[in-house]
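> Structure incoming, see below.
The values are calculated or read from the model by the stated rules, or taken from the named source; none is laboratory data. These figures come from a predicted structure and were not determined experimentally. Here the Cβ is made from the backbone with ideal geometry for all residues, glycine too, and neighbour counts use every protein chain on show. Ligands, DNA and RNA are stripped out before the accessible areas are found, and what is left, the full protein with its side chains, is counted by its heavy atoms. Shrake-Rupley method; radii C 1.70, N 1.55, O 1.52, S 1.80 Å.
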Amino acid sequence: MDQMVSADSNRLYSNQVDENDYRKLLLNFSQFDYCNTDEIEKFDFTYEEWKSVNRMEYIESTLSELKHKSEMRTFVNTMLWIDRKLNGNGNCNIVHPITAIDILKRTESLGVEANCYMYSVVLTELLLMLGFKARTVRCMPIDIIYDDCHCMTEVFSQEYDKWIALDAANRSYYLKRAMPLNLFEMRECLMKEEKIIVPFMKSDIWKGLRGYLTKNMFRFETYRNCYVGSEEKIGERCLCHFQSENYMFSEKKVAFKDYYVHHVYTSNPNIFWKKPK
């Protein structure tokens, strides 16, 4: 009897969740309501132009160097520049204020480290300063109580007439054949085991990253209002969620010291990835 208990314990301890399990979760929660427009009046992306003379001096010359006649080249230039400037550490503590310039200045003067959230905020805000529509998106696991997610930037490309995902923390963007993918398209490719091309990344590194992304492509969230400094907004923030039609979890309304979050939901990809005004 003792041997049976011991063997069973070993089996349980070795029964780890893997990429295939996460892929099955994506398949089991792949029902989306393309007709649902319940939140369409509330779920809208707005952008604010941002220019502060005192702060722009720090970054203005860099912005002009990053801009290229090709949109995609500008996106990649900006992402690679950030990769050279920041010190990556996925487990580091977040220090406020969370704005591109504050993060860059702290890194330059104090050598502070940055996680994927901080990488994505810097990339998002620099792209906004360059005149593009960009947003930081949290890529979430299924877990109701979770201790890990992944953050990326999505930028709207006039060149491709679609949203494109940029993964600044991994110095990557993702292609299906020659077409850059947005996050929903990445979810679909990972779920169906379709080939994703990742420039700048070795195949063995991509193999490890693929499982992590599969875990974190279950649902997505982003602020309704995207502008430079939005991560430090005082007062009400509206957080827009995209999730499967048969995933019923809703965030509870939580008040923080300087702000509270209002949540809206959609299971319609055409709403979450609609063209910005």
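> Classify region 129-186 as rounded, prolate or oblate, taking a ≥ b ≥ c as the square roots of the eigenvalues of its Cα gyration tensor: rounded when a/c is under 1.5, otherwise prolate if a/b is larger than b/c and oblate if not. Please report the intermediate quantities before stating the final value.
Values: a/c = 2.21, a/b = 1.64, b/c = 1.35.
Verdict is prolate for region 129-186.
> How would region 54-111 be classified by its alpha-carbon gyration tensor: rounded, prolate or oblate, with rounded meaning a/c under 1.5 and the a/b versus b/c comparison settling the rest? All intermediate terms of the calculation are to be shown ahead of the outcome.
Working: a/c = 2.55, a/b = 1.50, b/c = 1.70.
Oblate is the answer for region 54-111, as a/c is 1.5 or above yet b/c matches or exceeds a/b.
> So if we plug the beta-carbon distance of residue 209 and residue 17 into 1/(1 + (r/R0)^6) with R0 = 25 Å, what FRET efficiency do we get, rounded to 0.05?
Working: r = 17 Å, r/R0 = 0.66.
Calculated transfer efficiency: 0.90.
> Something else: Along region 237-244, what does the Karplus equation 6.51 cos²θ - 1.76 cosθ + 1.60 (θ = phi - 60°) give for ³J(HN,Hα), rounded to whole Hz, x for Gly and Pro?
Listing the rounded values in order: 10, 9, 9, 9, 10, 10, 8, 4 Hz.
> Assign one of three labels to region 59-158, namely rounded, prolate or oblate, based on the Cα gyration tensor with a ≥ b ≥ c the square roots of its eigenvalues; rounded applies when a/c is under 1.5, prolate when it is not and a/b is larger than b/c, and oblate otherwise.
Taking the square roots of the gyration eigenvalues as a ≥ b ≥ c, region 59-158 is oblate.
> For residue 203, what charge total do you get from the other residues with a beta carbon under 14 Å from its beta carbon, if Lys and Arg give +1 and Asp and Glu give -1?
+3
> Separate question: Search the structure for amide H atoms under 5 Å from the amide H of residue 265, placed 1.01 Å from N in the peptide plane, and list their residues when 5 or more places away or on another chain.
When sequence neighbours closer than 5 places are left aside, the close amide H contacts are 241.
> Continuing with this model, one more query. For residue 70 and residue 57 in the same chain, what is the full-extension length gain: residue separation times 0.36 nm, less their Cα-Cα distance, in nm?
Values: separation 13, 0.36 × 13 = 4.68 nm, distance 2.47 nm.
Value of the extension gain: 2.2 nm.
> Same structure again: Could you check the simple spin-label distance between residue 258 and residue 95, using points 7 Å along Cα→Cβ, in nm with one decimal?
Label-label distance for residue 258 and residue 95, simple model: 1.6 nm.
> Oh, and also: Taking amide H positions as placed in the peptide plane 1.01 Å from N, state which residues far from residue 163 in sequence (5 or more) or on other chains have amide H under 5 Å from it.
157
> With θ taken as phi - 60° and the coefficients 6.51, -1.76 and 1.60, list the Karplus ³J(HN,Hα) couplings across region 165-173 in order, rounded to whole Hz; mark glycine and proline as x.
Computed from phi, the couplings for region 165-173 are 8, 10, 9, 5, 5, 9, 6, 9, 9 Hz.
> Using each residue's phi in region 131-136, evaluate 6.51 cos²θ - 1.76 cosθ + 1.60 at θ = phi - 60° and report the 3J(HN,Hα) Karplus result to the nearest Hz, with x for Gly and Pro.
Using θ = phi - 60°, the values come out as x, 9, 7, 9, 8, 8 Hz.
> Here's something else I'd like to know. With every protein chain present, what accessible area does residue 85 have (1.4 Å probe, heavy atoms only), rounded to the nearest 10 Å²?
100 Å²
> Among 162, 133, what's the order by accessible area (1.4 angstrom probe), most exposed first?
Per-residue accessible area, sorted high to low, gives 133, 162.
> Within region 181-277, how many Lys pairs that are eight or more residues apart, or on different chains, come under 19 Å at the alpha-carbon? Can you show the working numbers first?
Details: 192/207; 192/215; 195/207; 195/215; 207/215; 233/253; 233/257.
Final tally of qualifying lysine pairs is 7.
> What distance in nm lies between label points placed 7 Å from Cα along the C-beta direction at residue 248 and residue 77?
5.1 nm
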